[in-house]
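Structure, as structure tokens:
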Amino acid sequence: MVITILILMLVIGLLVYSKRRKKVPQGLKVFDENGNTVIDLTTNLTCVLGVKTYSQNEINNFVRAHGRNSGVVYDTITVNLPAGYRLWAYCICPRFDYFLGEQTIVAIVSGNQINILVKRDGEGNSTVVWGIY
């Protein structure tokens with residue numbers, strides 16, 4: 001009789017415990033101003049595919065040759081995209097010029113290519129990180 005009551009209490013405790021756990025949604029969704037989903041990372045996560053660092057000297061030499069904000073593409077990175085994935089890129093610059101509102105380099109993603117534009121002379125190495133989502 002005592003064993004039956006203990007088993008019954010264990011089953012009731014497990015049922016109460018399983019119902020008390022709340023399911024928290026996981027993932028990330030980004031919406032535009034109209035409420036449309038722009039990026040949905042609920043079912044898949046990002047994956048970093050590559051990193052490339054540009055030295056301060058090569059950036060400064062390019063600025064001397066072409067000028068600031070010339071619009072001339074400094075480098076192009078082509079990525080083989082798996083079907084159904086999109087490309088992203090991010091620039092890591094040593095110093096952001098708050099007065100001019102610009103970074104040393106800017107990455108522009110177009111299809112499966114990343115175009116690197118040099119905006120101004122640098123004060124250290126600048127890095128581009130890219131991947132898929």
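The values are calculated or read from the model by the stated rules, or taken from the named source; none is laboratory data. All values reported here derive from a predicted model rather than from experimental measurement. Here the Cβ is made from the backbone with ideal geometry for all residues, glycine too, and neighbour counts use every protein chain on show. The protein model used for the area step is the full one, side chains on, heavy atoms only, and it has no ligands, DNA or RNA in it. Shrake-Rupley method; radii C 1.70, N 1.55, O 1.52, S 1.80 Å.
The label-point distance for Asp40 and Val129, in a model that sets each label 7 Å from Cα toward Cβ, rounds to 2.6 nm. Peptides 71-77, 29-35 ranked from most to least packed give 71-77, 29-35, packing being the mean of other C-beta atoms within 10 angstrom over each peptide's residues. One chain, two ends: Asn112 and Thr4. Fully extended at 0.36 nm per residue, the span grows by 32.3 nm beyond their Cα-Cα distance.
Using a 1.4 Å probe and counting only protein heavy atoms, arrange Arg120, Arg68 so the residue with the most accessible area comes first. Before the final figure, lay out the partial values.
On the way: Arg120 5, Arg68 115 Å².
Output order, biggest surface exposure first: Arg68, Arg120.
Say R0 is 35 Å: what FRET efficiency, to the nearest 0.05, do Lys29 and Asn60 get from their beta-carbon distance? Using R0 = 35 Å, I get an efficiency of 0.30. Length available on full extension from Arg68 to Asn80: 0.36 nm per residue minus the Cα-Cα distance, which gives 1.2 nm.
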